[in-house]
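Before any comments, here is the structure.
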């Protein structure tokens with residue numbers, strides 16, 4: 001897996017006639033689980049390089065997880081609570097719900 005970084009410049013014309021160039025850096029890679037193409041956007045090259053390095057480490061160690069598919073804290077708690085409901089006594093379970 002090799003993530004590549006490209007620079008994209010966007011030119012914007014302001015109301016007063018000035019032209020402003022906004023640069024952003026895009027990290028391109030393929031999701032190792034699905035094989036689909038993914039992109040992450042950054043305003044600084046160093047941030048994109050840091051993310052690429054971390055991505056490569058995560059994939060190599062097998063700990064990569066797409067942020068959009070990761071469970072939320074609420075989902076984790078609800079799963080944990082449903083699993084422990086039988087062990088928690090009356091008053092305590094009512095306060096948690």
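The values are calculated or read from the model by the stated rules, or taken from the named source; none is laboratory data. In this text, all values refer to a predicted model and were calculated from it rather than measured experimentally. Cβ coordinates were reconstructed from backbone atoms using ideal geometry, including for glycine residues, and neighbour counts include every protein chain displayed.
On the basis of being touching a helix residue (DSSP H, G or I) at 6+ places or on another chain (Cβ under 7 Å), in a helix (DSSP H, G or I) and at pLDDT below 85, does residue 81 make the cut?
yes
Consider only pairs whose beta carbons are under 7 Å apart and that are at least six residues apart or on different chains; among these, list those whose first residue lies in region 41-59 and is within 16 Å of residue 28 (Cβ to Cβ) and whose second residue is in a helix (DSSP H, G or I).
Once the first residue is within 16 Å of residue 28 (Cβ to Cβ) and sits in region 41-59, its partners that are in a helix (DSSP H, G or I) give 42/48; 42/51.
Does region 65-72 contain any residue that is surrounded by 11 or more Cβ atoms within 10 Å (Cβ to Cβ) and either farther than 30 Å from residue 22 by Cα or modelled with pLDDT under 85 (or both)?
Yes, that holds for at least one residue.
Within region 38-64, track down each residue that is surrounded by fewer than 15 Cβ atoms within 10 Å (Cβ to Cβ) and either more than 14 Å from the chain's Cα centre (by Cα) or in a loop (DSSP other than H, G, I, E, B) (or both).
The answer is 43, 44, 45, 46, 53, 57, 60, 61, 62, 63.
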